[in-house]
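One structure below.
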Amino acid sequence: MSIHVGFIGLGIMGAGMARNILQAGFTLTVFNRTAAKCQPLVDAGATAAADARELAGGCDVIVLCLSDTPDVEAVLFGDDGVAAGARSGTVVVDCSTISPIQSQQFARRLKQQGIDMLDAPVSGGSEGAAKGTLSIMVGGEQQAFDRARPVLDAMGKTVTLVGDHGAGQMVKLVNQVLVAVGMLALGEAFIFAQAGGLDLVKTLKAIENGAAGSWTLSNRGPQLIKRDWRPGFMIDLQQKDLRLVLETARSLNVPMLGSGMVSQLYAALQQQGHGGEGNHALVRALEHLSGIEVGAS
Ligand code: NAP
């Protein structure tokens, strides 16, 4: 049986993910709140729907890639939302990073209509979304996972069913602790290198394949050296993830020293109007503290 796929949320991540679904040969219908973002996909062969409800009526698997928990709730359960249009037997694959607890509640609400939901947040940045090499951490039932698997495989290289509803979101938050605290290490290391009079390009080349190598170092290090603050992942969204981490940690009574500190530094950058820049711009907060500017000639 051919799978008709719907995709809602054609932002930095969603645009690349939807394109890979199309290129894998699926019939694709797209919807985006800002309609103009549908056009490149329509030009490539997708159909645009007028709203999420219309999209849902014709699709077997519906992928969402939206900003935050209230956005997913609105798109699923609003008047013109997915639940108003979807048929029983549809699988909703939510690739947004949202609250694990509310994700579980959304799955329960959809199940009452015979709709299966998988929480399927992703990692790998805008580069991974464009190349189809994302890591996708999935929570939900095995039978729904099996039905959505061909679509997940079109978007990601490492697709892992990690547990029941909400477990995918929880694993994603684990990932975000590593990303956020790693970004602090990146900024601190480059300010230290700059102060030591090193050539930052040669420094990066010398260390990126050693024990300190990481996706962040290889992909965001070069941007940091060029002072290119364009977002792969916006500070505002990184802060949303840190908020989810800290709320979840509080409910579990886990102290999160590194995540808490990084969240405060990002808050300072948001206050200064840098929320739309990439999360590697964390170094700018450290520059203010140290008086040392990375990459300056
Ligand atoms: P983005 O570029 O800001 O895209 C957000 C998308 O959600 C846009 O299509 C936006 O529509 C839509 N949206 C937001 N609120 C909505 C609402 N209330 N109703 C309808 N549509 C709404 O963000 P992104 O970077 O693609 O991130 C999307 C998700 O992926 C987030 O949960 C993020 O945490 C996660 N993520 C991002 C990265 C990354 O590196 N960027 C990596 C892993 C995971 P409009 O176009 O109309 O604004």
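The values are calculated or read from the model by the stated rules, or taken from the named source; none is laboratory data. Quick caveat, the model's predicted, so the values are computed rather than measured. Here the Cβ positions follow ideal geometry from the backbone for every residue, glycine too, while neighbour counts run over all protein chains shown. Side chains are part of the model used for accessible areas, which takes the heavy atoms of the whole protein and leaves out ligands, DNA and RNA. Shrake-Rupley method; radii C 1.70, N 1.55, O 1.52, S 1.80 Å.
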Qualifying residue in the range 77-100 (condition: within 14 Å of the ligand (Cβ to nearest atom), within 17 Å of the chain's Cα centre (by Cα) and part of a helix (DSSP H, G or I)): yes
Can you name the residue in the range 4-48 that is farther than 21 Å from P121 by Cα and of a type in the set (A, V, I, L, M) and is also farthest from the ligand (Cβ to nearest atom) among such residues? A44
Taking L200 as the residue in question, decide whether it is closer than 23 Å to T133 by Cα and away from the ligand (no atom under 14 Å from the Cβ). no
If you check L110 against the conditions, is it farther than 23 Å from N20 by Cα, open to solvent by less than 40 Å² (accessible area, probe 1.4 Å), more than 11 Å from the ligand (Cβ to nearest atom) and at pLDDT 95 or above? yes
The range 275-297, residues that are open to solvent by 40 Å² or more (accessible area, probe 1.4 Å) and of a type in the set (A, V, I, L, M, F, W, C): L289, I292, A296
Give L242, L265 a once-over and let me know the one that is away from the ligand (no atom under 16 Å from the Cβ) and open to solvent by less than 70 Å² (accessible area, probe 1.4 Å). L265
Can you tell me which residue in the range 50-68 is farthest from I12 (Cα to Cα), limited to those that are in contact with a Leu (Cβ under 9 Å, 6 or more places away or on another chain) and surrounded by fewer than 22 Cβ atoms within 10 Å (Cβ to Cβ)? D68
All but one of (1) within 14 Å of the ligand (Cβ to nearest atom); (2) in contact (Cβ under 8 Å) with a residue 24 or more places away in the chain; (3) not hydroxyl-bearing (S, T, Y) hold for M117; state the number of the condition that does not hold. (1)
Those residues of the range 60-74 which are more than 13 Å from the ligand (Cβ to nearest atom) and either free of Cβ contacts under 8 Å to residues at least 24 places away in the same chain or farther than 10 Å from F31 by Cβ (or both) amount to D60, V61
Would you check which residues across the range 102-147 are among the basic types (K, R) and within 17 Å of the chain's Cα centre (by Cα) and list them? K131
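Okay, residues lined up against (1) within 22 Å of L237 (Cα to Cα); (2) not assigned by TED's automatic domain parsing to the domain that holds F190:
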| residue | (1), (2) |
| --- | --- |
| N253 | no, no |
| G273 | yes, no |
| H280 | yes, no |
| V283 | yes, no |
| L286 | yes, no |
| G295 | no, yes |
Test for V177: is it of a type in the set (V, I, T) and not in a helix (DSSP H, G or I): no
Residue among G128, G168, G187 that is more than 30 Å from L28 (Cβ to Cβ) and either within 16 Å of the ligand (Cβ to nearest atom) or in a helix (DSSP H, G or I) (or both): G187
Requiring at least 1 residues that are closer than 19 Å to R87 by Cβ, the helices (runs of 4 or more DSSP H) wholly within the range 1-67 are 52-57
